[in-house]
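**Q** To start, I am sharing the structure in question, which I have written as C-alpha cells.
The values are calculated or read from the model by the stated rules, or taken from the named source; none is laboratory data. Keep in mind the model is a prediction, meaning the values are calculated, not measured. No Cβ is skipped: glycine too gets one built from the backbone with ideal geometry, and neighbour counts run over all protein chains shown.
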Amino acid sequence: MFYQSNSLAERMFNVLKTEGIGGFSRRIEDRLRSKWSRDYVLVFSLQFASVLDALEYPARLDPAIVLMLKRCQRVLSAVTFKQVNESDNGEIDELTAIDHWGDSRKRIIEWLQEGWCCYVAKFGNRIVAYNWTKAGPEFYEPMSRRWFTLADDEVYTTRTFCLPDWRGRGVLPMLTKWTVNHLALTEGVKKYVAWVKVDNVGQIHTLEQMGWSVVGCLGVVEICGVCLHYIRGQRAFSATKKRFSIQW
C-alpha cells in the first residue's frame, strides 16, 4: 500500500488558489513533458548478536580479514582515532577544508548540534579519514530526501571518506573497527545500517571485507515530476514502517 501525505493535496489546493486553473494546467503540462528517471542505492547492514560480540569486533570475521587488520594496526600504529565535538575548532576547520561533499563549517556544526556524530582518523595533526553516524529514533537524510526510523540499538552510518593518498592502507577498516568498538562500549549499539551507490566499487569492497552484507535497496522513481520513494528488503531500515511515499 502506498502512502501519500496530505501535503500533496494541500499543495495542489494552494496552486489552484494562487495561480488559478490556468497556472495549474501549465504546471501539469510542464511535468508531463519531463522525463522519467530512477535512482537507487544498496543498503548494507552490520549486526551483532550481543554487545560483547560488537566489543570483540572484528574477532569473529574471516581469519584472513582479522590478520589483515592486525597488519594494518602495526603499520598504522601512529594513527589515532577520536570523536569530534562542537568545541574541537581545529578538527572542524579541517573537516570543512577536506569535506568531500562541500559542506560549510556552519553546516558541520549544525550536524553536530542535531545529534550527528563524527569520528576521525588522524595521523599527527592531520585528519586522514572520517565517518558520520546518527542514532534514532528518527532522522532526516538530506541525500535521500526522506525520514528514517532506527531501532534503539541501531545507528546509521554515512559520509565515510578517506584522503586519496591514504587509501589502500587499511585506514577505513581501522576507523570502522574503532567506531564499532567505541559505540558498543558507550551506547550498547549492536546494529549498523548504511547505503552505498552501486558504482562505488571501492566502498562496497571495504564494507564486505568488514563483515557488512547487502540487505536491500532504497531509491526514488520520478515520473512527470512525481517522486516515488521506496525501501526494499526487510532488514533495510527495518524500523522504518513507511516503505513507500509519494512526493509531488
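**Q** Filter region 156-191 down to residues that are free of Cβ contacts under 8 Å to residues at least 40 places away in the same chain and part of a loop (DSSP other than H, G, I, E, B) and give me whichever is farthest from Glu138 (Cα to Cα).
**A** If we take residues in region 156-191 being free of Cβ contacts under 8 Å to residues at least 40 places away in the same chain and part of a loop (DSSP other than H, G, I, E, B), then Gly168 is farthest from Glu138 (Cα to Cα).
**Q** Among residues belonging to region 192-210 that are modelled with pLDDT under 90 and touching a helix residue (DSSP H, G or I) at 6+ places or on another chain (Cβ under 9 Å), point out the one that is nearest to Phe48 (Cα to Cα).
**A** Among those that are modelled with pLDDT under 90 and touching a helix residue (DSSP H, G or I) at 6+ places or on another chain (Cβ under 9 Å), it is Met210.
**Q** Within the set of pairs 6 or more residues apart or between chains, which connect a residue that is in contact (Cβ under 8 Å) with a residue 24 or more places away in the chain and over 24 Å from Lys197 (Cβ atoms) inside region 122-143 to a residue that is in a strand (DSSP E or B) and of a type in the set (Lys, Arg) with Cβ atoms less than 8 Å apart?
**A** Filtered contacts from region 122-143: Lys122/Lys82.
**Q** Check region 226-234 and report whether any residue there is part of a loop (DSSP other than H, G, I, E, B) and in contact (Cβ under 8 Å) with a residue 24 or more places away in the chain.
**A** For region 226-234, residues part of a loop (DSSP other than H, G, I, E, B) and in contact (Cβ under 8 Å) with a residue 24 or more places away in the chain: present.
**Q** Continuing with this model, one more query. Give just the number: which of (1) assigned to a strand (DSSP E or B); (2) at pLDDT 95 or above; (3) farther than 29 Å from Lys241 by Cβ; (4) of a type outside the set (Lys, Arg) does Glu91 not satisfy?
**A** (1)
**Q** Could we say that Thr176 is in contact with a Pro (Cβ under 9 Å, 6 or more places away or on another chain) and at pLDDT 90 or above here?
**A** Against the criterion (in contact with a Pro (Cβ under 9 Å, 6 or more places away or on another chain) and at pLDDT 90 or above), Thr176 qualifies.
**Q** Moving to a separate point now. What pairs come up if the first residue lies in region 195-214 and is free of Cβ contacts under 8 Å to residues at least 60 places away in the same chain, the second is of a type outside the set (A, V, I, L, M, F, W, C) and assigned to a strand (DSSP E or B), and their beta carbons are under 9 Å apart, counting only those six or more places apart or on different chains?
**A** These pairs meet every condition: Gln203/Thr160; Gln203/Lys197; Thr206/Thr160.
**Q** Also, quick follow-up: In the set Ala64, Ala9, which member is loosely packed, with under 13 Cβ neighbours inside 10 Å, out of contact with any helix residue (DSSP H, G or I) (no Cβ under 9 Å at 6 or more places or on another chain), at pLDDT below 70 and not aromatic (Phe, Trp, Tyr)?
**A** Ala9
**Q** Let me ask something else. State which residue is surrounded by the most Cβ atoms within 10 Å (Cβ to Cβ) when the search covers only region 116-142 and only residues that are under 21 Å from Lys242 (Cβ atoms) and in contact with a Lys or Arg (Cβ under 9 Å, 6 or more places away or on another chain).
**A** Narrowing region 116-142 to residues under 21 Å from Lys242 (Cβ atoms): 134-142.
Filter once more, keeping what is in contact with a Lys or Arg (Cβ under 9 Å, 6 or more places away or on another chain): 140-141.
Details: Tyr140: 11, Glu141: 15.
Ranking the candidates gives Glu141 first.
**Q** Checking the conditions here, which among Ala129, Ala194, Ala151, Ala121 is among the hydrophobic types (A, V, I, L, M, F, W, C) and not in a strand (DSSP E or B)?
**A** None of the others qualify; the one that does is Ala151.
**Q** Would you confirm whether any residue within region 76-83 is surrounded by 12 or more Cβ atoms within 10 Å (Cβ to Cβ) and in contact with a Leu (Cβ under 7 Å, 6 or more places away or on another chain)? Walk me through it before giving the result.
**A** Here is the first cut: in region 76-83, the residues surrounded by 12 or more Cβ atoms within 10 Å (Cβ to Cβ) are 76, 79-83.
Cutting the leftovers down to in contact with a Leu (Cβ under 7 Å, 6 or more places away or on another chain) gives us 81.
So far as region 76-83 goes, yes, one or more of its residues are surrounded by 12 or more Cβ atoms within 10 Å (Cβ to Cβ) and in contact with a Leu (Cβ under 7 Å, 6 or more places away or on another chain).
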